[in-house]
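Trainee: First, the structure itself, so that you have it in front of you.
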Amino acid sequence: MTYSAEELLEAARRVAENAYAPYSDFRVGAVAVGDDGNLYPGVNVENAAYPSGVCAEASAISAAATAGVRRIDVVAVACIDATREDQSYPCGQCRQRLNEFRVDTVIVAGLDGRPRIHSLEELLPFGFRLD
Ligand code: THU
């Protein structure tokens, strides 16, 4: 089963409804497509001790890894509180996390609601890996 960019963004928006973001009110959803073809959702989960919070991408990657996935083809990210066009781009730390699982393609939502499709290479050139 393959998914269109629109379908993946829609799935990311749906899962963002479950984000736990009482401190920022910035609800983010991510969907990882594992090389097994399955979808692994994640949301940001904040914490009163702010640095203990995790990003949606990190949650989705953890869900995939927990299922035994070691390669992720695509990650779609959406923020349902977006007020700026580029608000759902992955943070630097998450770009490194995506790199670990060899993510090829990152889909984010533009303010117009349409997908913007990037290679991870564009978002993280010369990314660090140990192999
Ligand atoms: N956040 C994500 O979930 N993904 C990103 O790539 C950027 C930021 C979350 C972290 C925090 O809960 C909220 O957005 C505001 O920074």
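Computed from the coordinates by the stated procedures, all read-outs in this text should not be read as laboratory data. This one's a predicted model, so the numbers in the text were calculated from it and none came from an experiment. Methodologically, a virtual Cβ is constructed for each residue, glycine included, from the backbone with ideal geometry; neighbour enumeration extends over all protein chains shown.
Trainee: Among 107, 45, 123, pick out the residue whose Cα is farthest towards the positive end of the charge dipole of the chain, where Lys and Arg carry +1 and Asp and Glu carry -1 on C-beta, about the Cα centre.
Mentor: Among 107, 45, 123, the one farthest towards the positive end of the dipole of the chain is 45.
Trainee: What percent does the relative contact order of the chain come to when contacts are Cα pairs within less than 8 Å and at least six residues apart?
Mentor: 22
Trainee: Give me the extension gain from residue 23 to residue 48: residue separation times 0.36 nm, minus the current Cα-Cα distance, reported in nm with one decimal.
Mentor: Stretched fully, the residue 23-residue 48 segment lengthens by 8.2 nm.
Trainee: Please report, in Å, the Rg and the Dmax of the chain, where both are computed over Cα atoms only.
Mentor: 13.5, 40
Trainee: Sticking with this structure for a sec: With springs only between Cα atoms under 10 Å apart, run a GNM on the chain and tell me which of 111, 120, 98 wobbles the most.
Mentor: 111
Trainee: Now for a separate question. Do the sum for the chain: with -39,500 (n - 2.57) for every DSSP H run of n ≥ 4, divided by all residues, what is the mean residue ellipticity at 222 nm, to the nearest 500 deg cm²/dmol?
Mentor: -8000 deg cm²/dmol
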